[in-house]
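Okay, structure first, notes after.
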Amino acid sequence: MRVLLDELMVNYPYFAAMILFIIGAFTVLTRSNLFKKLIGINIMESAIFLMFIAAGNIRGGAVPILDEANPQTVCINPLPSALMLTGIVVSVSVTAFALALIIRLHQSYGTTDARRIAELRKRWHANEGNH
Amino acid sequence: MRATIEVHLPVFVVIMPLFVAFVLPTLARRIRLVEGVVTSTTVLWFLGAGYLASLVLIRNGNPIGYSLGGWPAPWGIELSVGSLSCLFLLMVAGVSLPVALFAAGNMAHEVGGPKRITRFYVLCLLLGGALAGMAVTSDLFNVFVLVEVATLSCCGLVSSRNHPLAAEAAFNYLILATLGSALILGGIGFLYIITGHLNMGFASQELNRIWQEYPHVVWMAVSFLLVGFGVKSALFPLHVWLPDAHSAAPSPASAILSGLAVKGYAICLIKVLYNVFGVALIQELGMHRILTLLGMIAITAGSLFALTQDKLKRRLAFSTVAQVGYIFLGLGLANSMSLAGTLFHMASHAVIKSGLFLAAGAIIATTGNDRISEMAGVGRQMPITMAAFTVCSVSLVGIPLFSGFIGKWNLLLGSLEAGNRLAQAVIILGSVLCAAYLFPIIRVAYFEPAPAADWQDPGLPQKTALILLAAGVILLGVAPGPFLELAKRAALDLLVMK
């Protein structure tokens with residue numbers, strides 16, 4: 001138990017990432033407000049970003065810019081941070097697209113609640129079908 | 001000149017559709033020109049894929065490597081075109097061509113004005129480029145980026161139909177697919193943390209050396225990846241978004257989504273499982289049993305759900321869930337026969353399902369109704385459309401001389417080799433259920449008295465597209481030669497550890 005606790009203390013960024021991920025996934029799956037679902041997605045993605053960046057970090061490591069004078073300096077691994085830049089761009093585009101869809105849904109149904117939308121859809125499009 | 005083209009062909013097949021997608025909006029309102037450009041792009045694309053496949057076959061299946069930007073493998077992104085990539089590229093480009101033909105001049109009633117139609121084509125080409133990228137890449141992070149490009153274009157395609165139902169389906173799809181992407185990125189992260197490589201070959205070597213030191217991380221990685229790709233390729237309990245999304249999309253988009261996009265994620269999963277983990281490690285972890293079980297459940301449940309649908313496009317969408325089950329079943333059985341069968345079935349299902357969705361689209365556009373019970377008389381009044389639908393249905397059931405038979409036959413041989421009685425039973429049961437949900441449509445269309453409506457086959461490009469797809473189904477069934485050869489070589493490549 002003691003060993004486990006010590007490991008948790010040392011690896012706390014991963015622990016935090018795990019908790020954030022669970023909070024995010026829970027929000028996405030249980031909330032019916034479309035905005036809250038979207039926020040959940042963003043929390044979940046941040047958790048993954050945190051995990052990657054923690055993996056590239058070295059405690060006390062310097063900024064990874066090659067120093068000609070003392071090449072022995074310990075630098076952090078820049079690759080995960082660079083990858084997460086791409087990840088953030090992807091996450092922003094997903095958010096933008098989802099917001100656009102929410103606006104479209106609000107225009108048609110006048111609400112941003114997933115359950116209410118499902119009810120209205122059943123009432124309005126029951127005979128029309130999906131086509 | 002020729003040498004230069006040959007060297008850069010692997011990246012050309014990915015870049016070309018993406019590049020055309022970015023140029024297309026400048027032609028915005030000249031819709032004829034846009035359609036011409038898109039169709040000629042798919043022709044060129046198909047020729048490129050065919051040339052690449054012939055190069056690989058000449059090299060006896062030795063993969064062609066390509067380092068992006070001239071950076072060699074562990075540092076730069078490596079593309080690798082082997083038999084698997086060629087088979088998939090041929091499938092994507094070969095199906096895109098008839099779909100582009102079908103869409104020409106036929107999108108206005110589903111999508112809207114010329115600007116929206118142009119956007120629709122842009123999304124199709126982006127999806128095509130991403131799928132081609134998935135086929136050739138051998139870099140884990142590149143897989144994630146391509147998966148995201150494909151996901152966003154898929155959601156865009158679903159929402160391109162100007163209807164609130166489509167917007168709702170697209171939103172649900174987007175949320176679940178993004179959940180899947182987060183899991184995939186997490187899985188890739190775990191692999192990177194323990195191996196220190198993103199290149200599949202290097203990661204695989206490292207993983208097989210050290211995995212016993214980190215069994216829990218390996219388990220986390222493999223389950224994150226399985227669930228992530230499972231959501232995106234609509235593996236049974238995770239398929240909830242598919243029926244709404246695929247039936248709400250415009251018909252040519254449904255054809256691409258059901259025929260190609262779902263397979264793209266499956267190809268990524270195949271690559272990650274077999275090229276990174278390797279077949280030995282999968283069996284060590286017991287993953288093959290989970291895959292087999294999930295596949296069998298998906299075949300049975302997908303088919304049963306399809307039986308209960310009265311709406312044509314929804315029935316076809318649930319049929320896709322069942323056919324994805326065959327892919328996972330073949331992956332789980334993990335021998336050369338079953339893998340070859342899976343890969344061949346993947347390609348033949350792409351042709352069949354696009355044919356079915358396009359025919360369904362033509363029928364729905366003409367009759368204005370998507371209920372199967374009200375399709376009486378379609379067979380006599382729209383002979384070409386319904387003939388194509390019938391050929392594709394018969395093939396999906398798996399009757400000899402049609403393409404579906406060869407994939408399922410190899411899968412069956414694979415399950416005999418694996419000695420898995422239950423799998424044999426499920427493969428045959430799947431075919432029977434498939435007949436049970438497709439043949440009633442044909443019966444209603446041909447043998448029930450027709451109403452006094454004046455329905456007609458769609459225009460010339462649409463008819464050509466349907467005939468091309470039906471001919472493809474028959475060609476793959478009668479002379480599967482080079483395609484089966486590619487599938488068998490790809491299966492052997494997957495099983496041999498590098």
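The values are calculated or read from the model by the stated rules, or taken from the named source; none is laboratory data. Nothing here was measured: the structure is a model prediction, and the numbers come from that model. Heads up, the Cβs are rebuilt from the backbone with ideal geometry, glycines too, and the neighbour counts pull from every protein chain shown.
Among the residues making up the stretch B:151-165, those that are facing chain A (nearest Cβ under 9 Å) and in a helix (DSSP H, G or I) are B:THR151, B:LEU152, B:CYS155, B:GLY156, B:SER159, B:PRO164, B:LEU165. Out of the stretch B:356-397, which residues are charged (D, E, K, R) and free of Cβ contacts under 8 Å to residues at least 12 places away in the same chain? Scanning the stretch B:356-397 gives a single hit, B:GLU374. Of the helices (runs of 4 or more DSSP H) lying entirely inside the stretch B:419-498, those containing at least 2 residues that are among the β-branched types (Val, Ile, Thr) and within 17 Å of B:GLY355 (Cβ to Cβ) span B:421-447, B:460-478. Of all the numbered requirements in (1) at positive phi; (2) away from chain A (no Cβ under 11 Å), B:GLY196 misses one, and that requirement is (2). Under the condition of being in contact (Cβ under 8 Å) with a residue 60 or more places away in the chain and crowded, with 24+ Cβ neighbours inside 10 Å, the residues counted in the stretch B:164-175 number 5. The single residue among B:SER258, B:SER247, B:SER233, B:SER254 that is modelled with pLDDT under 90, buried (at least 24 other Cβ atoms within 10 Å of the Cβ) and closer than 30 Å to B:GLU110 by Cα turns out to be B:SER247. A:ILE117 meets the conditions (1) at the interface with chain B (Cβ under 7 Å from one of its Cβ atoms); (2) at pLDDT 90 or above in every case but one. The failed one is (2).
One residue stands out in the stretch B:451-474 among those that are at pLDDT below 90 and surrounded by 15 or more Cβ atoms within 10 Å (Cβ to Cβ): the one that is farthest from B:PHE102 (Cα to Cα), namely B:TRP455. Scanning the stretch A:54-75 for residues that are more than 14 Å from every other protein chain (Cβ to nearest Cβ) and of a type in the set (A, V, I, L, M) yields A:ALA62, A:VAL63, A:ILE65, A:LEU66, A:ALA69, A:VAL74.
Go through the stretch B:335-365 residue by residue and tally those that are away from chain A (no Cβ under 12 Å), assigned to a helix (DSSP H, G or I) and surrounded by fewer than 24 Cβ atoms within 10 Å (Cβ to Cβ). The qualifying residues number 2. In the set (1) surrounded by 23 or more Cβ atoms within 10 Å (Cβ to Cβ); (2) over 23 Å from the mean Cα position of the chain (by Cα), the condition left unmet by B:PRO98 is number (2). Filtering B:VAL231, B:VAL272, B:VAL217 for residues that are within 30 Å of B:LEU165 (Cα to Cα) and touching a helix residue (DSSP H, G or I) at 6+ places or on another chain (Cβ under 9 Å) leaves a single hit, B:VAL231.
Under the condition of being under 22 Å from A:VAL89 (Cα atoms) and more than 9 Å from every other protein chain (Cβ to nearest Cβ), the residues counted in the stretch A:28-53 number 8.
State yes or no: is B:GLY228 touching a residue at least 24 places away in the same chain (Cβ under 8 Å), within 14 Å of chain A (Cβ to nearest Cβ), closer than 20 Å to B:ILE290 by Cα and under 25 Å from the mean Cα position of the chain (by Cα)? Spelling it out, B:GLY228 is indeed touching a residue at least 24 places away in the same chain (Cβ under 8 Å), within 14 Å of chain A (Cβ to nearest Cβ), closer than 20 Å to B:ILE290 by Cα and under 25 Å from the mean Cα position of the chain (by Cα). You will find that of B:LEU127, B:LEU90, the residue that is in contact (Cβ under 8 Å) with a residue 12 or more places away in the chain, surrounded by fewer than 24 Cβ atoms within 10 Å (Cβ to Cβ) and within 13 Å of the chain's Cα centre (by Cα) is B:LEU90 and no other. State the number of residues belonging to the stretch A:14-60 that are small (Gly, Ala, Ser) and over 25 Å from B:VAL217 (Cα atoms). Total satisfying the criteria: 2.
The residue of the stretch A:28-66 that is modelled with the highest pLDDT, among those that are surrounded by fewer than 21 Cβ atoms within 10 Å (Cβ to Cβ) and among the basic types (Lys, Arg), is A:LYS36. Looking across the stretch B:166-191, the residues that are within 7 Å of chain A (Cβ to nearest Cβ) and not β-branched (Val, Ile, Thr) come down to B:ALA167, B:GLU168, B:ALA170, B:PHE171, B:LEU174, B:LEU179, B:ALA182, B:LEU185, B:GLY186, B:GLY189. Scanning the stretch B:6-20 for residues that are buried (at least 19 other Cβ atoms within 10 Å of the Cβ) and over 18 Å from B:ASN142 (Cβ atoms) yields a single hit, B:VAL20.
Only one entry in B:PHE328, B:PHE305 is surrounded by fewer than 24 Cβ atoms within 10 Å (Cβ to Cβ), of a type in the set (A, V, I, L, M, F, W, C) and assigned to a helix (DSSP H, G or I), namely B:PHE305. Taking the condition within 21 Å of B:GLY187 (Cα to Cα), assigned to a helix (DSSP H, G or I) and more than 9 Å from chain B (Cβ to nearest Cβ), does A:ILE22 pass? Taking the combined requirement at face value, the residue satisfies it.
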